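What follows is calculated from the coordinates using simple rules that are stated; it is not laboratory data. Remember, it's a predicted structure, so these values are computed and weren't measured experimentally. Methodologically, a virtual Cβ is constructed for each residue, glycine included, from the backbone with ideal geometry; neighbour enumeration extends over all protein chains shown.
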Protein chains: 2
Amino acid sequence: MTQIRVETNILQANDEVARQLKEKFRAKSITVINLISSPGAGKTTLLEHSIPRLIKKYRVGVIEGDVLTTRDADRIAKLNVPVVQIETKGACHLDANMVLKAANQMDLDNLDFIIIENVGNLVCPATFELAEDAKVVVLSIAEGSDKPAKYPTIFTRAKACILNKMDLLPYSNFSLDEFYQDIKRINPQMKVFEVAALRETGLDSWLEWLEGMMVNGGQKD
Amino acid sequence: MTQIRVETNILQANDEVARQLKEKFRAKSITVINLISSPGAGKTTLLEHSIPRLIKKYRVGVIEGDVLTTRDADRIAKLNVPVVQIETKGACHLDANMVLKAANQMDLDNLDFIIIENVGNLVCPATFELAEDAKVVVLSIAEGSDKPAKYPTIFTRAKACILNKMDLLPYSNFSLDEFYQDIKRINPQMKVFEVAALRETGLDSWLEWLEGMMVNGGQKD
């Protein structure tokens, strides 16, 4: 019982920091996306192939969460966008305080989007609000079509799902029928984008959706 | 600071329960394996194709950890082995208390192996001892060869790694060179088994290793 109480307090404290941080982002008309997936579902690769197209029209910053190493941040930095790395030192998720500290290192007057790449984990990141406008879950075809039913928290709370590595579909036992039936039951409003990020297929609809998510219609005050 | 202290206390309390539970398993000459991976790396499929061969010689019980649903437990129950399901109701890992409760529901006098399938998560399960004789990490080729470096805790603590979905190698950018170089640096003693569980390839060495892990040389008192 003690453990549960502690966790509730941690979540409440987190939500309060997230609420304040969201006001800050709103005041600067910055749209914030929280990218969540299992390890290796392809979050970084998705960003590597999305950001070069996004920055043709918008100013994008990235916050990279990792348990250890700066590998993902190094990959994103090559795209010539501002990147702030958060090394969680063992923690399995980002929290709003970490994102607040990262945001304080960014030039918020010169950003339209902040994309947060969360720690690779389908469980805990789903419950920690990071002042995002949308959680986006990335699911790799190789992970199997039973994942929405088995990890419903993230699939309920995400506004969009990138169904990634679609090129592996012929070599896997992933059932698109099962996947879409479960999504319809768990989160019928969720947008699904069928993508192969590494092959750059299916990115158009995802990028259009991102544009549509912009706060204040993308207008800076 | 409070949060960190709380977590340390939780881990210490867990280790104490695990220590007592391990004595119990030892007294019954039961070998316990803790299977850890990201969601969808193939833990359940590995068990579906390993257990039918293992039960030709040994008595095997399974403890199934899942955040929600009994899907994996249902799949294992079809193999006609005793299965106890632990639904963690949101927790991202199993702890020793959960395993103790599950073990109390099993006929320990009639088991040689207990295989624990942990919650799909590469981070937190690595730090919670479950009275196992070995942690085994399952990594899918589709997750990418950078995972040992990015999630070193589990790759340091595991005694063996199942490199699963080897059949996807031609269609992925997984580098076996990078993988083996990182393993050599992080955990040179770790055994690696290249497997495609769904295709039943590479299972022999893994099953032989499991036999070699048996406590008291597999002899019941």
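Below is a table of values for the structure above.
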item: Of the DSSP H helices in chain A, those whose Cα atoms cover at least 18 Å axially and whose Kyte score averages -1.0 or more; result: A:2-27
item: Fraction of antiparallel bridges per DSSP, the stretch B:2-218 only, in percent to nearest 5; result: 5
item: Copy-to-copy label separations for B:THR69, where each label sits 7 Å from Cα toward Cβ, in nm and ascending; result: 2.9
item: Members of A:LYS56/B:LYS150; A:LYS159/B:LYS89; A:LYS57/B:LYS147 lying beyond 26 Å, as alpha-carbon distances in this model show; result: A:LYS56/B:LYS150; A:LYS57/B:LYS147
item: Chain B: most fluctuating residue of B:ALA96, B:ALA18, B:ALA27 per GNM, C-alpha cutoff 10 Å; result: B:ALA27
item: Copies compared at B:GLU178 - label distances in nm, ascending, label defined 7 Å from Cα in the Cβ direction; result: 2.9
item: Of all chain B residues, the one whose C-beta is nearest the axis that brings B onto A, in angstrom; result: B:ALA142, 2
item: Footprinting exposure proxy for A:SER140, A:SER205 (fewest neighbouring C-beta atoms within 10 Å first); result: A:SER205, A:SER140
item: Modelled label reach - A:GLU23, point 7 Å along Cα→Cβ, the stretch A:100-140 residues with backbone N closer than 17 Å; result: A:100-101, A:104, A:130-132
item: For the stretch B:61-163, average projected area of the Cα convex hull in nm²; result: 6.9
item: Mean projected area (nm²) of the alpha-carbon convex hull when the stretch A:2-218 is viewed from all directions; result: 11.9
item: Distance (nanometres) between label positions extended 7 Å along Cα→Cβ at B:LEU169 and A:LEU100; result: 4.9
item: Shielding of A:68-76 by partner chains, average beta-carbon count, 10 Å; result: 2
item: Residues listed by number, the stretch B:134-152, amide nitrogen under 16 Å from B:ARG185 label point at 7 Å toward C-beta; result: B:145-152
item: Inter-copy separations for A:ASP109, label at 7 Å along Cα-Cβ, nm, ascending; result: 7.9
item: Dipole moment magnitude, nearest 20 debye, the stretch A:2-218 about Cα centre, only Lys, Arg, Asp, Glu C-beta charged; result: 200
item: Footprinting exposure proxy for B:TYR151, A:TYR58 (fewest neighbouring C-beta atoms within 10 Å first); result: A:TYR58, B:TYR151
item: Cα gyration tensor shape of the stretch B:1-88, rounded if a/c is under 1.5, else prolate or oblate by comparing a/b with b/c; result: oblate
item: For the protein assembly as shown: rounded, prolate or oblate by the Cα gyration tensor [a/c cutoff 1.5]; result: prolate
item: Footprinting exposure proxy for B:GLU48, A:GLU143, A:GLU211, B:GLU208 (fewest neighbouring C-beta atoms within 10 Å first); result: B:GLU208, A:GLU211, B:GLU48, A:GLU143
item: Simple label model, 7 Å out from Cα along Cβ direction - B:GLU16 to B:ASP107, nm; result: 3.4
